[in-house]
Amino acid sequence: MEILLNLFKFWPQLVLFACLWVGLVVLATKWRWLKAELATIKDLTGILAILLGGAWVYQIFIYEEWVKPAMQAPHVTITSAAEQVGMKDRLHAIQIRSTLKNESKVKVFVLAYWLDVYGYSVKPKDEQGQQQFATAEINSLNADAAAHRKTHAREYAAAEPKILQIEPLLRSDWWLESGEEVSITRTIFVSDQYDVAQISFHAKTARDKQHICLHWATSDIPGERSGEITPLTYIRNDAATDCKNLGKLERFDRTKQAHQTLRQRTGLSTTDSIIELPLLQMQPKKAASK
């Protein structure tokens, strides 16, 4: 019984052996027929070899290099840095640098590339308000919009941030070829009434933009900062429709399957990079993120 159980472990090999044995028996009985059809068999074998070779060439040199990358979502990265370089008239001078790079193998259209600057004022936590602070933090951490924190669980309580500046960094008709990058340097000023400057870089990209329109407006998307100025995404069924004609456009809705299908087909995505730069040091300091 144990021998039979051990044999069952190798059932694929047994099936293959049985097929080979049956094949040999058939060949033995059909030997004369094989000799008569040898030329035809050679021709069929040559055709099969050509087909297999063509499939191999398509897989290695066409599908892997062109078709497969074109089907994947474009991938861009943002490398950013900020440095406090001086003071003037109670204003912190901050030099920011940002590099947007196309890491994918297809052309990427940069629909929008912009920065937001927020100012924070902080104060030490009050012992009497410890429980209240903890409750607020727990509610924030359990919220749906986990990526958009308004407070930080650190040794201070951060006040509601105030938007200080928003600035587009590239023209709307910009694109990046595979491996191409663009770097931008700006100098911004933040009042000394703020203790922390939060600088956010955003890039909205796609590999196909003919059915996508952007319209700058105040965000009403759940989970994002209330009143934040951002480019909202609209869809046009007819590529000839003017993007300024909002009456003929459809607002992108992530809950609609048709919109999600279009997003995947066009490779529509958003990449972010966030820097927090303390403004309390006596000497200029540098912060960077990647």
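A few remarks follow.
- ³J(HN,Hα) computed for each position of the range 168-181 - Karplus, 6.51 cos²θ - 1.76 cosθ + 1.60, integer Hz, glycine/proline x: x, 9, 9, 5, 6, 9, 7, 8, 10, 6, 4, x, 7, 9
- Amide H contacts of Val76 (H built 1.01 Å from N, under 5 Å, at least 5 apart or other chain): Glu103
- Net charge of Cβ neighbours under 12 Å - reference Gln210; Lys, Arg +1; Asp, Glu -1: +2
- Legend: residue pairs Lys88/Lys123; Lys101/Lys248; Lys107/Lys244; Lys209/Lys256; Lys107/Lys162, Cα-Cα distance threshold 31 Å; pairs beyond threshold, Lys101/Lys248; Lys107/Lys162.
- Two-site label geometry, Ala217 and Asn245: point separation in nm, points 7 Å out along Cα→Cβ: 1.8
- Backbone amide hydrogens, once placed in the peptide plane, bring Ser121 within less than 5 Å of Ala159, Asp195, excluding anything fewer than 5 places away on its chain.
- Net charge, His75 excluded, C-beta distance under 12 Å - Lys, Arg +1, Asp, Glu -1: +2
Since every read-out is calculated from the coordinates, none of them should be taken as a lab result. It should be emphasised that the depicted structure is a prediction, and the values quoted were computed from it without experimental measurement. Here the Cβ is made from the backbone with ideal geometry for all residues, glycine too, and neighbour counts use every protein chain on show.
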